[in-house]
Amino acid sequence: MLTFSLTLVRHGETHYNREKLLQGQGVDTALSETGLQQGEAVGRYLKDTTFDKVFVSNLQRAVQTAEIILRSNTHCSGMEMVFEPLLRERGFGIAEGRHKEDLKNMANAAGQSCRDYTPPGGETLDEVKLRFKTFLKVLFKKMLEEHSSSDPDTSAGAAAGQSAAAASQTSAGSSADDGLQGVSVHALVVSHGAYIRVAIRHLVEDLECTVPAGEKVSQLFSPCPNTGVSRFILTLSPSESGPVLSAARCVFTNRKEHLENLTDAE
């Protein structure tokens, strides 16, 4: 068995974000000045977490954000990232580069909600979820292969991780190490807003992650802000067909306290 933390971070702001233009996969923009500041802020927030593996969308806004996080980290500065196309943003087809209002208008014309609408040439939500499910298989295999033997008492670690996560949900305030007590292996994923929203929904609804007591579903599945942070504690068991998820807990989603002191952050 292996228990590890999975921390999901959305990239920092780009000029397209600020102008409410869709980027998707075909528009590969860099971080804005505010986005760079947000990256520094989330880097400071996560600076004391020792990440054992870092997976990053290979679009430059995510890569830049991950570089800042690692550069700011007390333990992981210089760590090699895994560039993973499976973590790319949802493809928005012909709507990429256009204003979000255009997407809403296209959805209205098709008689669908904006969230469920797929522009011509774009990815459906199910297709994005399939990409994330494929990524989880890659993640689980790597984590179990590389770290299960390093944990001398994984069953105790699993119990500690679950109880620590539960405690963090009921404690006053919030901390960057919420859910990490008793967990010795940590993975970081830097991706995109629409993708992370699909990922969280899959983890909670399909994989039946335990959620924080009293947490509203609307908050769990709300849009992730730029450099928003979400965390899950996952326990894997080996099987003949590959790693199996045997326990899962959502510690928090879409946290943005690190942005409070940025005057220009959205």
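The values are calculated or read from the model by the stated rules, or taken from the named source; none is laboratory data. Bear in mind the structure is a predicted one, so any value in this text is a computation, not a measurement. Every residue, glycine among them, receives a Cβ derived from its backbone with ideal geometry; neighbour counts consider all protein chains shown.
Considered as a group, the residues in the range 21-77 that are touching a strand residue (DSSP E or B) at 6+ places or on another chain (Cβ under 6 Å) and among the charged types (D, E, K, R) include one that is farthest from Ile94 (Cα to Cα), and that residue is Asp52. Residues in the range 192-214 that are within 15 Å of Arg255 (Cα to Cα), modelled with pLDDT of 95 or more and in contact with a helix residue (DSSP H, G or I) (Cβ under 8 Å, 6 or more places away or on another chain): His192, Ile200. Do we have any residue at all in the range 215-230 that's among the aliphatic types (A, V, I, L, M), at pLDDT 95 or above and either within 22 Å of Glu40 (Cβ to Cβ) or outside any loop (DSSP other than H, G, I, E, B) (or both)? For the range 215-230, residues among the aliphatic types (A, V, I, L, M), at pLDDT 95 or above and either within 22 Å of Glu40 (Cβ to Cβ) or outside any loop (DSSP other than H, G, I, E, B) (or both): present. Quick check on the range 134-152. Is at least one of its residues in contact (Cβ under 8 Å) with a residue 12 or more places away in the chain, within 22 Å of the chain's Cα centre (by Cα) and closer than 16 Å to Gly193 by Cα? Among the residues of the range 134-152, not one is in contact (Cβ under 8 Å) with a residue 12 or more places away in the chain, within 22 Å of the chain's Cα centre (by Cα) and closer than 16 Å to Gly193 by Cα, which makes the answer no.
Of all residues in the range 105-130 being of a type in the set (D, E, K, R) and at pLDDT 95 or above, which is surrounded by the most Cβ atoms within 10 Å (Cβ to Cβ)?
This residue is Glu123.
Residues considered: Leu70, Leu2, Leu8, Leu46. Of these, the only one that is over 16 Å from the mean Cα position of the chain (by Cα) and among the hydrophobic types (A, V, I, L, M, F, W, C) is Leu2. For the range 88-122, a residue qualifies if it is touching a Phe, Trp or Tyr at 6+ places or on another chain (Cβ under 9 Å) and under 20 Å from Val56 (Cα atoms), and the qualifying residues are Arg88, Glu89, Arg90. If you filter the range 27-80 down to residues that are of a type in the set (A, V, I, L, M) and surrounded by fewer than 20 Cβ atoms within 10 Å (Cβ to Cβ), you find that the one that is farthest from His147 (Cα to Cα) is Val27.
Yes or no: Ala95 surrounded by 19 or more Cβ atoms within 10 Å (Cβ to Cβ), touching a residue at least 40 places away in the same chain (Cβ under 8 Å) and in contact with a Pro (Cβ under 7 Å, 6 or more places away or on another chain)? Against the criterion (surrounded by 19 or more Cβ atoms within 10 Å (Cβ to Cβ), touching a residue at least 40 places away in the same chain (Cβ under 8 Å) and in contact with a Pro (Cβ under 7 Å, 6 or more places away or on another chain)), Ala95 qualifies.
For the range 34-57, the set of residues classified as without any contact (Cβ under 8 Å) to a residue 40 or more places away in the chain and more than 17 Å from Ala187 (Cα to Cα) consists of Leu36, Glu40, listed by residue number.
For the range 98-126, residues that are free of Cβ contacts under 8 Å to residues at least 24 places away in the same chain and under 30 Å from Phe232 (Cα atoms) total 7.
Checking every residue in the range 5-20 against the condition of being under 21 Å from Lys142 (Cβ atoms) and among the β-branched types (Val, Ile, Thr) gives at least one match.
Tell me whether the range 165-187 contains one or more residues that are modelled with pLDDT of 95 or more, touching a helix residue (DSSP H, G or I) at 6+ places or on another chain (Cβ under 9 Å), in a helix (DSSP H, G or I) and of a type in the set (Gly, Ala, Ser). Looking through the range 165-187, none of the residues is modelled with pLDDT of 95 or more, touching a helix residue (DSSP H, G or I) at 6+ places or on another chain (Cβ under 9 Å), in a helix (DSSP H, G or I) and of a type in the set (Gly, Ala, Ser). For the range 223-248, taking the residues that are surrounded by 15 or more Cβ atoms within 10 Å (Cβ to Cβ) and touching a Pro at 6+ places or on another chain (Cβ under 9 Å), the one that is farthest from Cys209 (Cα to Cα) is identified as Ser237.
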